[in-house]
1. Given the peptides A:554-563, A:350-359, arrange them by the average over their residues of other C-beta atoms within 10 Å, most packed first.
2. Taking 0.36 nm per residue of sequence separation and subtracting the Cα-Cα distance, how much length would be gained by fully extending the chain between A:Ala393 and A:Glu579, in nm to one decimal?
3. List the pairs from A:Lys386/A:Lys419; A:Lys346/A:Lys394; B:Lys152/B:Lys337; B:Lys250/B:Lys273; A:Lys425/B:Lys153; A:Lys354/A:Lys550 whose alpha-carbon separation is above 23 Å, in the order I gave them.
4. R0 = 22 Å: FRET efficiency of A:Ser490 with A:Arg539, Cβ-based, nearest 0.05?
5. Averaged over its residues, how many other protein chain Cβ atoms are within 10 Å of peptide B:324-332's Cβ atoms?
6. Please give the contour-minus-distance gain from B:Ser192 to B:Ser115: 0.36 nm per residue of separation, less the Cα-Cα distance, rounded to one decimal in nm.
7. When the label point is put 7 Å from the Cα of B:Met217 along its Cα-to-beta-carbon vector, which residues of region B:354-396 have a backbone N closer than 17 Å?
8. Net charge within 13 Å of B:Ser394 by Cβ-Cβ distance, Lys/Arg positive one each and Asp/Glu negative one each, not counting B:Ser394 itself?
Amino acid sequence: MDPRRTARTVSDPKVRQVGFFTPAPPERSISDPPRFQDPIQPPSPSPTQVNDHSPSGNSLSPVMIPPAHHHSDNFLRTALQVTSPTKAFSYSAKTVTIPPENEDVASSFSPGRKVFSAKSPSSFPGVKASSVPASELTTVSVVNLPPGISEKAGGASVEVQNDRPVSAKTLKEKTSKAERRALQEAQRAAKAAAKAEGTKASSAASKVVTSANTKPSKAAKSSSQKNDGSQVAASEKKGGDRAPEKDRKKDAPHPRMQYDDKSRVEKAKKRAVVKQTEARNRVELFRHLPQYEHGTQLPDLETKFFELDPMHPAVYKVGLQYLSGDIRGGNARCIAMFQAFKEAIKDYSTPPEKTLIRDLTARISSYVSFLIECRPLSISMGNAIKFLKNRIAKLPLALSESEAKSTLMLDIDLFINEKIILSEKVIVKHAVTKIQDGDVLLTYGASSVVEMILLHAHELGKHFHVVVVDSRPKLEGQLLLRRLVRKGLSCTYTHVNAVSCIMQDVTRVFLGASSVLSNGTVYSRVGTACVAMVAHAFRVPVLVCCEAYKFHERVQLDSICFNELGNPDAISKVQGREEINYLDGLVNQENLQLLNLIYDATPSDYVSMIITDYGMIPPTSVPVIVREYRRDHLWS
Amino acid sequence: MWWRSASFILDRQQHQNRTVAPSPESFLLSSPPPMADSPLNPKSNISAYYQTRAAHHAVVTSDWLAQAQAAVGRHSDDDGSLGDDKGAAPIGGGGGGGEEEGSGKAFSVIDEFNSWRKQPALAEAVAAIRALAAVIRTSEATTMMELEIELKKASDSLKSWDTTSISLTAGCDLFMLYVTRTSALEYEDFNSAKSRLIERAEKFGEISCKARRIIAMLSQDFIFDGCTILVHGFSRVVLEVLKTAAENKKHFRVLCTGRPDRTGLRFSNELAKLDVPVKLLIDSAVAYTMDEVDVVLFGADGVVESGGIINMMGTFQIALVAHSMNKPVYVAAESYKFARHYPLDQKDMSPARRPIDFGVPIPSKVEVETSARDYTPPQYLTLLFTDLGVLTPSVISDELIQLYL
C-alpha cells in the first residue's frame, strides 16, 4: 500500500483526474483489457487490479455511486485537468505492481464478462483496515468505487474499493481501440465457451454474485462511509441481504430494469434472445436506460429464427418490425402486438399436464419479454398486456380449451375496437368542437389522433390553417404533412427551432401523447414539452389528445427516470448532407456522449385540457379516469 | 393503415343524419346545420337567459332612486317584447322540424318553460325540469322507451332554444340522466314509473332551495367577524349566504358592484334591508378598493368542467384583481349548475348577448361589446361552495365525471 500511496501523492493532479473520471464507463467495461487478462494470467497483479477496479466498478454498477459525489468529482477533475500529463502517469502505473492490492484484483475476475469466479484470495480486509489515513484522494476513489466489484470476490472484498488506484482509469483510457476490440472479441469467445461448457458452474457463481450485488448500493455506502469498516461487517450485510432480496423480487412484479445495475443486466442478457450490442459513451444521467447499437441485432436475430422454438412466428415478426422501426406510434404498436398475440393464441394448444391459464400466461410473458428486447414497451402496451393477462387469469376453469381461446381472441378484438379505434372516434368528435373557423392549429410530430381530428374538421367544412412542427431526427411531421396537404388542408411546415416565432399566430395547439400519468404529466415524443411550454408562454391553449387506455397511474416528475434512448447515430449524422461530417470519426471518442431521447414529460401546468374518450377533462382529473376506468372496464 | 379506420366517412354520415342534440358550440359555429332553423330563439343574438336575469334582479323597490326605476321600466319592457318573441319562436321552429309531432311537443315545452321561468325565485334548471315534467304529464306514450325519446326531443329543443343558459342545459341533462339511469323504473309498470318521474321533478324545486341552505351553512366558516366581502351582480345563493351570516350575528361589510346590468343595485338594496353595511361601487373601482377587501364572493351561472365558472360579465376581471392581490375568491353554486362544458378561453363559448344601455345614443359606427358573461379559469378561484361540500376547482371535474359517466 505504502508505495502506492506515495506514487499517488506524487502525481496528485493526475491521479485525481483519473479517479474522478466518470463519464464513459460502459465502454470501458466492455473493452476492459484487464478483466480478460485475469483468468488467463492471474499472477500479474498490479496492473490488473488497477484496471479491474476502476473500469468494472464504474461501468457495471454506477448506480451505487452516490451521484452527488460524482458531480463534485467531475468538477474537481475539470478544474484539475489543466495540469495533468496523464499519459506518462498512467503508463507508469501499469508497469508498477503493487503487491497488496494485486491480490484483490486477481481474485475478482472469471472468464465471461458476467461471470466472476470465486477464486479470490481475500486479502482485502486487511487493505482497508490498514488503509493509509484517508487523503482526499483516497476518499474520492472510494466514492467512485463500484460495490459490485468488491462483492464479486465472493468474499468480503468490499474494502477493495478504497484502495482502488486512481490511476487505473487512465490506464484504461490509454488502451487503444484496436486493443479493446480484440479484448472484446476474446471476451465474447470466452463467454460463449463458458456457456457451452455447461453453464451450471458459471451460473452458480454468477448467482452468488448477483445476490450479493443486488443490494450493492447499501454495501457501497456503508463502506464508503466508514473507511475502516471491517470486512466482517460487510460480509454480514451481504448474507443478510440475500434472503430479503429474493422475497422482494417476488413481491414486486416487474420492476423496470435499471440498466446500470450490472448484475441484473447480465442476468437479462443471458436470457435474451436478441443479442444487442450496447452502445458506448452513454450519457451519465441516462445510464440506467438500455441503449444498444442499432442495426446490430437484426441479422443475428434472423439467423436465430429456427432456434427460438417457443416464439410464435407472428410475435417474432412483430418484434422484428419494432426493431427495424417499421411499426411505430403507440396505437400501431399496441394493435400489432395484440394481433400477433391473437395469432399465437389461435395456434396455442395446452401442453399435457399443464393448465391453460398458467401456461398461456407464461407463454405471453415470454413473448412480451421478447418484444421488450426488440424495443422497450410503451406504457400503452403495458396496459394492454395487463388487460390480456388479467383476462387469461379470470378465465373460468371449466372452460374447454377452444372456448377459452375463442373468448380470449374475442377479448382482444374487443379491446382493439373499443379502447383504440372507437375511442379515437370519440376523441375526434370532442376535439372538433374546439376548432373554429379562422383558427390556426399547431401540432407537433405525427399523432394519428390529431391527424384524424384535423381531417375530420376539414371534412366538416371548417376553415382553418395547420402548422406542423417537426424535429430531427425522425421528421415524422413530414408524413403527417403529406397526408394533410393531399386532403387539401392549408399547412405550414416548420421545425421546432422556429416554434417561438410561429406561436404568436397560433390559436390552438393539438398534441398527441404516448401516455398521460396520474399527476397530469403528459409523456410524449421528445420536443412536446418544449412546444407546450412555448404555447403556455404565449397563452395559447394546449389540447392533448390521448385515449384512456394509455393513462397510467404512475407519477413522473421528470423525463429521466423512465425514457427510451434512440440511436445516437441518428443525431450525429444528417441524412443526405454529406458535407456535414464534423462528427465523423468522433462518435466513439470517450469524451463525446450522444443523447437521443425518445420521450419527454410535459408538466400538467402547460396543458389546458386533455381530450379523451370520456370527454374533455382538465389534467387534474386524470386519476379519476384511471380509477373509474379500471373499475368499469379493465383489470381488477 | 388498417388501424386508421375510415371513420370519417361514417362520422360524416352520422353527423348529417343525426339532427338531434348538436352540442351548443357546433350549433352556433358551423354554418347552419340542418336543424339550425328549428326551435331557435328568433332573436338569437340576444341571450334570453341574461335578459330574464336582468328583468328579475334589476327590479328595484319603489323607494329606490328614480333612475333605478327607469331602468326597471325599460327592462320590463324588454321582457314584454321578449315574451312576444317567445310567441314567435314556435313558428320559426315549425318550418325546420321534419317530425311534426316532436316539434309540436317542443312548442309546449318551451312555453311551459317560459311560464316557469317568469317566477324570479325559481332557478332556471328547476324551471327546465318542471317543463320536462309537464311533457311527461301530457305525454301519450305507452312505453318507457317512447317516453324517453319524447323527453329527449323536448330537452333538446329546450337546450337549443337558449344555448346560452348553462343551468338550463345542465338541468335537462340531469333529468334525462335520472330518467335513463334509474334502474328502479324498469321494474314498475309504466304509469307508476311515470308518476314517479313527475314526483321527482316536483321534488327538484325543493332540492334547489335546500341546496342553497346547505351552501349557506357550509360557507359560514369562511365569513368572519369584521370582514369585508366583495360581491358582483345578483346571486340568490350569495344572498342566502350573506343572509345566514347576518342572522348568525356576524359583523361584516359588503361591497357591491353596480354594473353592468344594475343587478348589483338590487343586491345592495336587499342587503340594506338586512341592516348589513353595504357600499356600492362601479365595476371600474374594483382594483381601487381591493386592498380593503378580505373575501371575494361570486355566484355562478355555470360551473364548467375545468373547475372555472361562467358568470356575469366582470367576474373574470374581479377575480384577476383579487388573485393578483392574494385575496381569496369563493364561488357559491348549486351542483345542478355543473355543466359538461370546457371553454378554453373567453371566446370559446356560444356568445350570449345583451343590449347595454349607455344612456346616450351610440353612433352607428361605434361597435358595442354586448357579451353578457365571461369565463373565469380555475386558477383564479380559491374554493367553491356547493351542496356537495366545499370543493377545490379541480374536484368539479371529478364530480362531473362521476355524475355523467
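Values in this text are rule-based calculations from the coordinates and carry no lab data. Just so it is clear, the structure is predicted and the values come from calculations on it, not from any experiment. Using ideal geometry, Cβ is built from the backbone for each residue, glycine included, and neighbour counts are taken over all protein chains shown.
1. The peptides rank, most packed first, as A:554-563, A:350-359.
2. Extra length from A:Ala393 to A:Glu579 when fully extended: 61.2 nm.
3. Distance filter (> 23 Å) returns A:Lys425/B:Lys153; A:Lys354/A:Lys550.
4. Here the calculated transfer efficiency is 0.40.
5. Per residue, the number of nearby Cβ atoms from other chains is 0 on average.
6. 25.0 nm
7. B:385-391
8. -4
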